[in-house]
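Working notes, beginning with the structure itself.
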């Protein structure tokens with residue numbers, strides 16, 4: 001009898017052990033599935049970009065992922081975030097989510113803040129408004145905050161030694177990588193760092209030899225570039241011409257500065273009445289350089305000023321063939337002949353404005 005009871009007990013224990021093993025196997029499989037099996041579905045796409053704004057909580061992240069409809073199994077994702085304590089480690093940013101990755105890979109990516117950088121290119125920019133638009137289309141930085149910084153003379157003076165009229169001279173055109181969640185102040189600090197890299201000891205000495213400050217070099221370069229947008233190889237000659245005028249105490253008489261003062265960049269022809277505009281940017285009326293740049297000059301334009309062509313030219317006029325190049329002259333008589341040819345070409349082609 002005792003032996004029979006013992007056998008029954010053994011069977012019960014064996015069944016319990018079997019049940020535990022099966023349960024353990026199921027739990028292990030569920031755990032493996034939750035952690036390692038692919039849980040991202042993107043259809044035909046290879047990846048998806050998601051943005052997690054600064055200040056986001058886990059609930060915000062989950063909503064973003066849910067709205068993107070990329071999670072196959074939401075519950076398994078939620079369970080693993082609790083195990084890996086992601087709720088306490090939410091990091092903002094721009095993340096590229098690859099197709100068919102697991103919950104574990106996704107959470108590790110987000111928790112570590114391994115966001116994909118954003119490339120911002122500073123080129124073909126004339127105004128602060130254009131700059132703000134370019135930046136804030138790419139980065140999380142608030143446009144209102146960036147505008148406030150760019151127009152805050154005290155902040156600009158204390159941090160960069162510049163003012164609102166000259167701050168654009170700090171932006172050296174190039175393509176830069178930023179984290180998407182870069183703030184307006186962080187952007188300014190990064191741009192200052194790139195500005196300092198550009199102004200090497202050699203470039204600083206070149207500016208000093210010209211008796212120009214770094215800011216003045218940039219302002220002149222902005223005019224040089226505005227005069228010649230098509231053929232960079234002509235810029236050193238234009239720079240030499242303007243430096244000649246500065247040395248002689250002559251007004252620069254640059255049409256692009258008039259267009260900048262008017263604020264209409266679609267103008268193709270500057271008229272006599274335009275040159276009467278009351279503005280510190282009117283270089284027909286005001287001697288010396290204008291108070292700020294009329295363009296964010298490219299590196300080639302900055303170098304065109306620093307490594308200018310030594311010449312005796314005082315005047316220039318766009319060529320009458322509309323090639324985009326200029327006729328240069330040393331005398332007013334010669335310049336007037338060139339200007340008349342250009343005026344006739346404008347009239348012939350009915351370019352009145």
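Just so it is clear, none of the values below were taken in a lab; they were calculated from the coordinates. Keep in mind that this is a model prediction, so the values were computed, not measured. For neighbour counting, all protein chains shown are included, and Cβ atoms are generated from backbone atoms with ideal geometry for every residue, glycine included.
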In degrees rounded to 10, the 0-90 angle between helix 74-83 Cα long axis and the longest Cα principal axis of the chain is 90
Nearest 10, in degrees from 0 to 90: the angle of helix 332-348 to the longest Cα principal axis of the chain is 60
Given that just one value was derived from the coordinates, which of (i) 5, 24, 32, 24, 12, 3, 0, 0; (ii) 5, 18, 21, 15, 12, 10, 7, 4, 3, 2, 2, 1, 0, 0; (iii) 5, 21, 25, 20, 16, 9, 4, 1, 0 is P(r) over Cα pairs in 10 Å bins from 0, in percent?
(ii)
Quick one: order 155, 295 by neighbouring beta-carbon count within 10 Å, fewest to most.
155, 295
Assuming 0.36 nm per residue, please report the length gained on full extension of the stretch residue 74 to residue 185 beyond their Cα-Cα distance.
36.2 nm
Contact order relative to length of the chain, as percent, for alpha carbon pairs under 8 angstrom and 6 or more apart
13
Would you calculate, for the chain, the mean residue ellipticity at 222 nm contributed by helices, counting each DSSP H stretch of 4 or more residues as -39,500 (n - 2.57) and dividing by all residues, to the nearest 500?
-15500 deg cm²/dmol
Give the average over all directions of the projected area of the C-alpha convex hull of the range 152-215, one decimal, in nm².
5.0
For residue 67 and residue 200, extending 7 Å from Cα along the Cα-Cβ vector and measuring point to point gives, in nm, a value of 4.7
Relative contact order (%) - criterion: Cα under 8 Å, at least six apart; region: the range 225-293
30
Contour minus end-to-end for residue 42 and residue 208, with contour as 0.36 nm per residue of separation and end-to-end as the Cα-Cα distance?
54.0 nm
Calculated Rg and Dmax of the range 201-348 using C-alpha coordinates, Å:
14.7, 50
Give, as ranges by residue number, the residues of the range 249-281 whose backbone N falls under 19 Å from the point 7 Å along Cα→Cβ of residue 147.
263-264
Taking only Cα atoms, what is the 0 to 90° angle, nearest 10, from helix 235-247's long axis to the longest principal axis of the chain?
50
Once you compute Rg and the Kirkwood Rh from C-alpha atoms, what is the Rg to Rh ratio for the range 132-186?
0.96
Percent RCO, i.e. relative contact order, over the range 201-348, from Cα pairs under 8 Å lying at least 6 residues apart:
28
R0 = 51 Å: FRET efficiency of residue 267 with residue 193, Cβ-based, nearest 0.05?
0.90
Can you tell me how much longer the chain between residue 322 and residue 121 gets when fully stretched, taken as 0.36 nm per residue apart minus their C-alpha distance, in nm with one decimal?
69.4 nm
